[in-house]
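Peer 1: Supplied in structure tokens, the structure appears directly below.
The values are calculated or read from the model by the stated rules, or taken from the named source; none is laboratory data. A quick note: this is a predicted structure, and the numbers were derived from the prediction, not measured. Please note: Cβ atoms are built from the backbone with ideal geometry, for glycine as well, and neighbour counts cover all protein chains shown. The accessibility values were calculated without ligands, DNA or RNA, using every heavy atom of the protein model including side chains. Shrake-Rupley method; radii C 1.70, N 1.55, O 1.52, S 1.80 Å.
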Amino acid sequence: KIAGRVEEVIVAVTPMSYSYADVDPKIFYHGTVEIRPVNKTTSKLVYSLFFDQTNIPAEQREANKTRRQQMFAGVMATMKAQAEKK
């Protein structure tokens, strides 16, 4: 559970990634967080998110997409900061 309200389940794990899915039937989404080596000292964090907006009214979809992009940009910034901590 995230923030005591969002329930997600891990559906796949590799040594360099994990994938999860939301269990809420109102909006279907799943994501993958992956670390991709760039060279011997650098890696790239890749976050892929797929979501189905068919249950969102058409006039709200663009705003919903923008809100999610902003939210996940913040998540990525937090993960990057944690990974770069020394």
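Peer 1: So for the chain, considering every pair of alpha-carbon atoms, how many percent are separated by more than 18 Å? Kindly include the intermediate steps, with their values, before the conclusion.
Peer 2: Values: 1956 of 3655 pairs.
That tail contains 54 percent of the Cα-Cα pairs.
Peer 1: Around H30, with a cut-off of 9 angstrom between Cβ atoms, what is the net charge of the other residues, counting Lys and Arg +1 and Asp and Glu -1?
Peer 2: Net local charge, H30 excluded: -2.
Peer 1: A further question follows. About the Cα centre, and with charges only on the beta carbon of Lys, Arg (+1) and Asp, Glu (-1), how big is the dipole of segment 7-86? Nearest 20 debye, please. Write out the running numbers ahead of the final one.
Peer 2: Values: 11 positive and 9 negative charges, 112 e Å.
Using only the charged Cβ atoms, the result is roughly 540 debye.
Peer 1: Tell me the carbon and sulfur percent of the accessible area for the chain, rounded to whole percent, probe radius 1.4 Å.
Peer 2: Taking all protein chains in place, the chain shows 57 percent carbon and sulfur surface.
Peer 1: A further question follows. Taking a probe of 1.4 Å, how large is the accessible area per residue of the chain, in Å²? List each step's numbers first, then the result.
Peer 2: Working: 6680 Å² over 86 residues.
Value for the chain: 78 Å² per residue.
Peer 1: Against the longest principal axis of the chain, how steep is helix 61-84, in degrees 0 to 90 to the nearest 10, with axes from Cα atoms?
Peer 2: That helix lies at roughly 20 degrees to the long axis.
Peer 1: Out of A58, Y29, Y18, whose Cα points farthest toward the positive end of the dipole of the chain (charges: +1 Lys, Arg; -1 Asp, Glu; placed on Cβ)?
Peer 2: Value: Y18.
Peer 1: Lys pairs in the chain, Cα-Cα under 21 Å, at least 8 apart or on separate chains: how many?
Peer 2: 8
Peer 1: Relative contact order of the chain: what whole-number percent is it, with Cα pairs under 8 angstrom and at least 6 residues apart?
Peer 2: Once normalised by length, the contact order is 16 percent.
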